[in-house]
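Structure first, then comments.
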Amino acid sequence: MTRGPATTCRLSSVLAAGLAIGALVSSTFRSGDESEPELGTDRPPADLIDEMDLGQKTALTHGHAFDRNPLDRRQTGYVEPVPELDIPPLKLTDGPHGVRRGPATAFPAGVNQISTWDCDRLYAVGNAMGREAKTMDQDVLLAPAINIVRVPTGGRTFEYFGEDPSLAARGAVATIRGIQDAGTIATAKHFVANNQEGKPRFRAGSDVPVLRSLLQRGSRFVADSQVGERALRELYLPAFRAAVEEADVGAVMTAYNSVNGDYVSENAHLFDVLENEWGFDGFTVSDWLLGVKSLNGSIEAGLDLEMPYGLFYGLPLRLGLTLGSVDEATIDGMIERTLGQMERFGILQGERVGPSGVANTAEHQRLARETAADGAVLLKNEPIGDGDPLLPIDPDRVESIAVIGDAIDTATVGGGGSSAVSPPYTVSPLAGIEARLGADVRIVTADPTNGIDRVVDVAESVECVLVFVQDAATEGVDRYDMALPGRQNEVVSAVAEANDRVAVILNTGGPVTMPWVAAVPAICELWYPGMADGLATADVVFGDVDPGGKLPITFGARFDDYPVSTPEQYPGVATTVTYTEGVFVGYRHFDAHDIDPLFPFGHGESYTTFDYGELSVSPAETALDRPISVAIPVENTGDRSGREVVQVYVAPTEPSVPRPPKELRAFEAVTLAPGERTVVELTLSSDDFAYYDDSLADWVVDPGEYTILAGSSSRDIRASHPIRIR
Ligand code: GLC
């Protein structure tokens with residue numbers, strides 16, 4: 001009896017369970033200190049494949065180890081070598097904030113990195129992480145994480161590059177180029193529409209995160225993202241498209257969820273877009289453990305590598321090849337893509353391309369500190385009475401200061417889950433402040449967990465107060481709501497009552513509600529700053545660095561202001577998450593519905609001020625067959641150096657279909673000395689005016705009037721100029 005795919009599939013599920021146990025046992029007791037022979041070959045992948053037997057071929061389609069091995073911390077993913085053919089192993093490690101295997105430089109979280117809006121900075125961080133991975137004998141870095149932030153309480157908001165596809169695409173390209181120029185394979189993840197982890201049934205703070213994860217609704221493992229083609233094309237796919245077409249990314253990780261009914265790891269349409277439309281020639285790798293849902297579905301769609309074990313691509317695939325239900329030529333194509341990337345980066349030859357590896361250097365640690373400071377977003381900094389704003393606090397004049405918070409002695413290195421990094425050291429907020437102020441300033445601390453009365457006493461006894469508040473976001477489960485956990489809001493309000501010179505420092509992974517927003521004169525978002533937390537915090541608070549960051553995510557006043565406020569939209573009904581909002585996500589939604597955010601997308605103040613001159617657009621009328629030049633003069637009109645991110649939006653005047661009132665299309669970060677003036681020149685193309693027409697299954701540019709907007713945020717437009725598209 002020949003077994004058809006369905007039979008093989010059922011059989012493989014049974015085998016998969018058995019295999020998982022076997023793999024776990026074998027990897028658990030395998031010594032981690034086996035010295036691997038130096039392998040490498042100059043033979044082209046096609047020749048190598050010609051000589052492989054079925055066992056060798058299937059072994060190159062899946063992982064063999066997992067780094068939770070209690071006896072040995074192995075890298076996150078491991079594809080075994082083929083010594084008979086001198087093929088080295090392929091080693092994969094997380095993640096977007098540094099090399100998980102560690103000890104490694106813990107860079108600020110993805111949300112910090114993208115809040116710099118500085119592609120040179122993102123490139124430098126990517127390059128440093130790529131070199132650190134190389135030092136630790138890791139071939140693939142599972143970064144960057146580039147899913148769009150659709151749900152403000154999403155568990156992995158801290159890892160991602162915000163709510164806007166243009167910003168996320170620029171961040172992805174810069175990071176990937178950085179990683180890969182270091183000679184390490186980058187991985188664009190999680191392809192695609194993996195926009196939630198799952199909504200917990202009860203508030204965080206419980207010490208049963210596993211239970212919270214298991215009881216959640218709309219879990220990423222089973223959620224089906226029902227999302228229209230236009231929203232996919234205009235919002236969720238662009239960063240992945242840029243990763244492939246502009247950065248030539250070596251790997252793409254498929255998401256756990258399904259899209260429009262098909263799991264991504266076996267979604268023929270998405271693989272067709274990735275490989276046939278965009279020309280992706282790297283390898284696709286599943287997400288870990290539950291990333292592959294069937295053997296035949298994944299093989300037919302084109303998934304190349306199953307991680308971390310061969311639950312389907314191990315024995316079941318071997319069986320399928322033997323029984324003829326899987327075509328060997330298909331497997332040859334899969335392993336040729338993986339070996340092709342190993343060859344491209346010198347891994348196959350045993351001689352990695354690019355510069356030498358370096359790790360935990362003073363230069364990388366300085367880069368982590370500078371990125372955290374440049375990603376700091378000054379949300380508010382109002383004058384106190386008729387005086388000056390509170391920030392920056394002058395370290396040479398302040399005589400007493402209170403530092404208040406639940407965790408001022410602990411650096412906020414990052415969020416929970418696979419992006420975690422173990423740095424050689426960390427600097428807590430308090431340590432950074434003490435180091436900057438020295439012994440002459442009276443620093444008083446208070447931990448609110450010891451009672452609010454003490455907090456009030458301390459706040460009343462000093463010149464000014466820094467109050468640190470934080471959330472605790474993690475992969476695997478979304479935040480319960482937008483509120484700061486515990487009694488933190490109560491603490492801030494009490495401190496604001498006790499002293500009018502209060503700055504609130506946020507260490508959150510995304511938007512939070514701020515019931516005390518009117519009661520405090522200064523608020524600065526430092527997100528998850530990484531190992532250099534306290535140093536970067538002090539750099540910003542005491543004015544050594546201008547907090548030049550801009551929000552990559554809208555900070556709404558309440559959850560229901562976001563376009564995910566119905567159960568169907570989030571967390572979904574049963575396992576179906578319906579993206580009824582279409583392209584109206586983030587500021588696109590807030591603008592279209594004229595909703596006032598607490599702090600808008602692109603917002604971020606500076607310690608100085610900037611004036612924008614007249615915007616010029618050339619040509620002002622065009623058939624879009626040539627680039628459009630946009631020039632904006634910007635001047636630092638304050639008395640100290642500062643950093644500004646000039647943002648350019650395109651606004652259709654009379655769109656033929658419902659379109660967002662404006663969409664970010666270009667930006668540039670500039671640092672100017674007092675009185676310095678520059679002209680920011682940016683280029684727009686036809687893509688920047690297009691929308692995706694589902695009925696035509698193609699991009700369309702409506703002829704007619706548009707307005708080019710230049711602003712300091714999406715709601716602070718400083719200059720505009722009409723343009724006519726013929
Ligand atoms: C996790 C994450 C992914 C990570 C992988 C390996 O489930 O979704 O981002 O790279 O597993 O740790």
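Computed values, structure above
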quantity	calculated
Least to most buried among Asp120, Asp533 (fewest other Cβ within 10 Å first)	Asp120, Asp533
DSSP beta bridge pairing in the range 461-603, given as percent antiparallel to the nearest 5	25
Distance between modelled label sites at Asp327 and His269, nm, 7 Å Cα→Cβ extension	2.4
Paramagnetic reach from Ala518 (point 7 Å along Cα→Cβ, amide N under 18 Å) across the range 380-398	380-385
Modelled FRET efficiency - R0 30 Å, Ser695 with Asp560, Cβ distances, 0.05 increments	0.40
For the chain, calculated [θ]222 nm from helices alone, where every DSSP H run of n ≥ 4 adds -39500 (n - 2.57)	-7500 deg cm²/dmol
Part-to-part distance (alpha-carbon centres) for the range 421-442 and the range 614-686, which is given in Å	39
Long-range HN-HN contacts of Met253 with modeled amide H, under 5 Å	Ala188, Lys189, Phe191, Val285
Centre separation in Å (Cα based) which lies between the range 557-583 and the range 114-148	31
Cβ-derived FRET efficiency at R0 51 Å, Asp457 paired with Glu229, nearest 0.05	0.30
Relative contact order computed over the range 420-503 (Cα-Cα under 8 Å; 6+ residues apart), in percent	31
In nm, spacing of pseudo-spin labels at Asp500 and Val358 (7 Å Cα→C-beta vector)	5.1
Efficiency of FRET between Asp440 and Asp596 - r from beta-carbon atoms, R0 41 angstrom, step 0.05	0.40
Selection from Val502, Val583, Pro515, by position along the positive dipole direction of the range 491-597 (Cβ)	Val583
Full-stretch length increase - Asp716, Glu614 - with 0.36 nm per residue and alpha-carbon distance subtracted	35.2 nm
Table column - 3J(HN,Hα) (Hz), the range 706-722, Karplus curve with 6.51, -1.76, 1.60, x for Gly and Pro	9, 10, 8, 10, 10, x, 8, 6, 5, 10, 10, 7, 9, 7, 8, 7, x
Rounded Å value of the spacing that divides the Cα centres of the range 164-183 and the range 485-537	30
Karplus (6.51, -1.76, 1.60) ³J(HN,Hα), θ = phi - 60°, over the range 474-480, in Hz, Gly and Pro reported as x	8, 4, x, 7, 6, 5, 5
Estimated vicinal HN-Hα couplings, Hz - the range 571-584 in sequence order (Karplus 6.51, -1.76, 1.60; Gly, Pro = x)	x, x, 9, 6, 10, 9, 10, 9, 7, 5, 6, x, 8, 8
Ranked Glu234, Glu300, criterion: other C-beta atoms within 10 Å, fewest first	Glu300, Glu234
Global form of the range 125-238, assessed from the alpha-carbon gyration tensor, a/c cut-off 1.5	oblate
Antiparallel DSSP beta bridges within the chain, percent to nearest 5	60
Exposure proxy order (Cβ contacts within 10 Å, fewest to most) of Leu122, Leu535	Leu122, Leu535
Listed residue pairs exceeding 30 Å between alpha carbons, taken from Lys199/Lys550; Lys293/Lys550; Lys57/Lys134; Lys57/Lys199	Lys293/Lys550; Lys57/Lys199
Dipole of the range 669-720 [Lys/Arg +1, Asp/Glu -1 at C-beta], most positive-end residue of Phe689, Val700, Thr678	Thr678
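Bear in mind these aren't lab numbers, they're just calculated from the coordinates by the rules spelled out. These numbers were taken from a predicted model, which means no experiment stands behind them. Ideal geometry is used to build each Cβ from the backbone, glycine not excepted, and the neighbour counts take in all protein chains shown.
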